[in-house]
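Each remark here refers to the structure printed beneath this line.
The values are calculated or read from the model by the stated rules, or taken from the named source; none is laboratory data. This structure is a prediction, so every number in the text was calculated from the model and none was measured. Note that each Cβ is placed from the backbone with ideal geometry, even for glycine, and that neighbours are counted across all protein chains shown.
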Amino acid sequence: MFTPHVPNGLARAAVRFKPSSFVGTFVALLLAAAIVSACGILLETGLRASVPPDRYAKAPVVVAADQQARLTVGSGEDRHEKASALPDTARLSEALVAKTASAPGAAAAIGDVGYPVHLGTDPLTAHGWGSTALTGTRLVSGDAPRTGEVVVPAGSDKARTGDRVTLDTPAGAKEFRVSGTTATDATVWFTDRQAVALSGHPGRVDAIAVLAADGTAADTLARQVTDAVGHTSGARVSTGNDRGAVEDPGLAAAKELLTGLGGSFGGIAAMVAVFTAAGTVALSVGQRSREFALLRAIGATPRQLRRTIATESLLVAPLAGAVGCLPGIALATWWFGQLKEKGAIPEAVGLQVSWLPLTIAVAATMLTALGAGYSAARRPAKTKPGLALAQSAVERAPFGWIRTPLGIAALAGGAVFAGIAASQTGEDAANAALGVVMLFMLAVGLLGPLIARICASLLGLPLRAGGASASLAAANSRSNSRRMASAITPIVLAMAFSSTLVFMHTSEDRAIEHQQRDGITADHIVSAQAGLASDATERAAATPGVSTAVGLLRTSVLVPSGSGGDKWLANSAAQGVIGSGRELAEVQDLDVRTGSLDALAPGTVAIDTTLADSVKLHTGDRLALRLPDGTEASPKIVAVYGRGLGTGLVTLPADDLRGHVTSPYASDVLVRATPAGAGRLAALGTVTDPSGYATAQSRDRELNAWANTVMAAVLGGFAAVAAVNTLVMTVLDRRRELTMLRLVGSTRRQVMGMIRWEALLVTVAGAALGTAIALATLIPMMRGLTGESPYIPPALYGSFLAATVGLGLAAALVPARAALSRAAARP
């Protein structure tokens, strides 16, 4: 009989004297820890992200409107709010400035505004002179502005003190006298009252900066200001780093992006990583079934076997988890840096690396190793000592009393979700399709041995006629379905997730390209990155040779999406039309399905058919939406069209948007003109033809494409390494079998041929299953989002397939060649 300390001694001896048996487990757990820790770091950064105040650093308290649109969903105890970041800045009533200034302890309250203006073709930013108390700006020459005057940057060759200049403001082009100059670059200053009047949203300010009287603490002043402004004004009082979020609206979007990556993607990635690592641990334990059977035959108890495996896990998993946190930190740092370089995250936001996500990663690897080890050891531990050796020499049936029913249920659930996704449109279809890939992947994991046997039987038919090596490979694969399943599963993971993420982007790009090409019927497009002049559309229309000119103001609105208790406010690209609906139809062919663009007028809207199906509205209904600054509106739907991806999901008059955006200038003017007329338009901005035209959505699309590619690389790369790791473990475990084949007369070439055919069978089966799962996900998703079938570039798919097959062959042939060489070197 064993003494109580024997299992620990066996575990230490196994790790010490047979380290190669644990290398694969160590690598799998290390990679799992890297994925979990990287996603955890991004999630924590998103939750804790803040920006130190810059413009408002001298103001201990800042009052601003809530920059989140909130939608109440559910009822009763399930009633709750869902928040979405606003596309533009929500503002406060100017009347609150006086209320704030009256708060005890407030030395002054400054109503701050900032918006773009143009001096000729130069883009500038306008502020009120009172905000110089925050920035410390001083005059270089002249005096502070009075009504009808402006202070401009010193050294400008277009304006000096005493000159009269014309500035194009959101309220229109107006002439001003230059009262003075400052050393600030690209900034002009009006009086506080005139700055608000010219902002395009008169009577409203971006924020109120409160300066404290001597001896007043920030917390005390914040409470007094809160009491002064009241709780019904929509104002929010900020102190500390929260002031930075007021002046940098990109922080809210950055927090949403990081929490989405770390939470949503992190959850999927962590599940895949843990699931794959568990499979590798189970494979490692299963490969030592003869060893455990021998221990049972000489009297080891089930408890001692389980304790041995638990001890092995505790010897390997903590180290693997701790080492895996290092590449996890490196991955999170690189990922965060790339997002910052692409402008998705403000420069002042820093990466948060604390003990919490690292501890969770190590704990997850330990629990994975323990759970997988216990599960794999359950059968050998329960086997009767007399039967242990006999049963360890026989391949178990591919069925299981627990795994098989759960796998069938997951397979059925995936089919049901695929049907639901096919019947939905828009975001509903996309959300349902995500359930398809997850359930099918779960089914592959649970039904792995059964699926492997089916694949071996089907793909083995042509192999049986392919010679001795191919026939032996087919027989081996069929009789060792569990071993084959352990190699197929990570390949399916790599192919399914990588294909879904990458080809989702290629499909969207293809649909947008088609809709753009067919939707833009203008001869030329005049555009400017900082916005065109406020009268650019009228000037274009008055240009000789131009028959039609329509300006487009690009922005976004929030539209309710989803249904029941799962509703939220989705960000939808919108175009504000400067001109009539009839004129718009001459430069854009939106493929109107119902209604007419001729009815487009203030208080009305036209929407894309995918959006109409998603919100279940038709022509004549009213669309409850939030304008860019969060203002609620219910315009009447006058038309539903089919080319919103290439133009904008929402089309409405620019007059309905101008008071709700920071920059009310048209970004593009679409014109129909003769070649001579098009040449005269160069004075207004950059002139391109439709083939060179890019929509305002291009930056977001590029960021989304990059994010999808990175996520595909992270998941696909992890799964690919796991597949290689599993194949190497599997081949090395067969050294005795390969040596026996050589001893009974098989040539080295025949043995290597068998391994090659087995690797091809595994990789082809895994790639085929992964492709099938990706198609089952992409077809309903793309039908709902774009109305088209998914587009899979042949060259890109071919590279995925070639990489899968190449890695599989290398992972099988290299260790097999090494094993045969070692066997041949023995006497």
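Just one of the numbered conditions (1) surrounded by 21 or more Cβ atoms within 10 Å (Cβ to Cβ); (2) within 21 Å of residue 770 (Cβ to Cβ); (3) at pLDDT 80 or above is not true of residue 506: (1).
Can you find a residue that is among the small types (Gly, Ala, Ser), in contact with a helix residue (DSSP H, G or I) (Cβ under 8 Å, 6 or more places away or on another chain) and either assigned to a helix (DSSP H, G or I) or under 21 Å from residue 762 (Cα atoms) (or both) anywhere in the stretch 789-796? No: zero hits. For the residues 217, 195, 186, 213, the requirement of being buried (at least 20 other Cβ atoms within 10 Å of the Cβ) and either small (Gly, Ala, Ser) or within 30 Å of residue 164 (Cα to Cα) (or both) singles out 195. The residue list 141, 131, 84 contains one member that is of a type in the set (Ser, Thr, Tyr) and in a helix (DSSP H, G or I), which is 131.
Scanning the stretch 331-357 for residues that are under 24 Å from residue 702 (Cα atoms) and assigned to a helix (DSSP H, G or I) turns up 331, 332, 333, 334, 335, 336, 337, 338, 339, 340, 341. Is it the case, given these coordinates, that residue 361 is part of a helix (DSSP H, G or I), modelled with pLDDT under 85 and surrounded by 15 or more Cβ atoms within 10 Å (Cβ to Cβ)? Spelling it out, it is not the case that residue 361 is part of a helix (DSSP H, G or I), modelled with pLDDT under 85 and surrounded by 15 or more Cβ atoms within 10 Å (Cβ to Cβ). Only one of the numbered conditions (1) assigned to a loop (DSSP other than H, G, I, E, B); (2) free of Cβ contacts under 8 Å to residues at least 24 places away in the same chain is violated by residue 644, and that is (2). The condition of being in a helix (DSSP H, G or I), surrounded by 19 or more Cβ atoms within 10 Å (Cβ to Cβ), among the polar types (S, T, N, Q) and modelled with pLDDT of 90 or more holds for only one of 548, 555, 610, 537, that being 537.
Picking from residues in the stretch 96-124 that are over 27 Å from residue 217 (Cβ atoms) and either modelled with pLDDT under 90 or surrounded by fewer than 17 Cβ atoms within 10 Å (Cβ to Cβ) (or both), the one that is nearest to the chain's Cα centre (by Cα) is 123. A Cβ distance below 7 Å, combined with a sequence gap of six or more or placement on separate chains, defines the contacts here; from the stretch 77-88, residues that are closer than 15 Å to residue 253 by Cα reach residues that are of a type in the set (Asp, Glu) and part of a loop (DSSP other than H, G, I, E, B) in the pairs 86/629; 88/629. I'm checking my understanding of the structure. Among residues of the stretch 560-593 that are surrounded by fewer than 15 Cβ atoms within 10 Å (Cβ to Cβ) and at pLDDT 90 or above, which one is nearest to the chain's Cα centre (by Cα)? Here the residue is 593. The numbered conditions (1) in contact (Cβ under 8 Å) with a residue 12 or more places away in the chain; (2) in a strand (DSSP E or B) are all true for residue 58 except (2).
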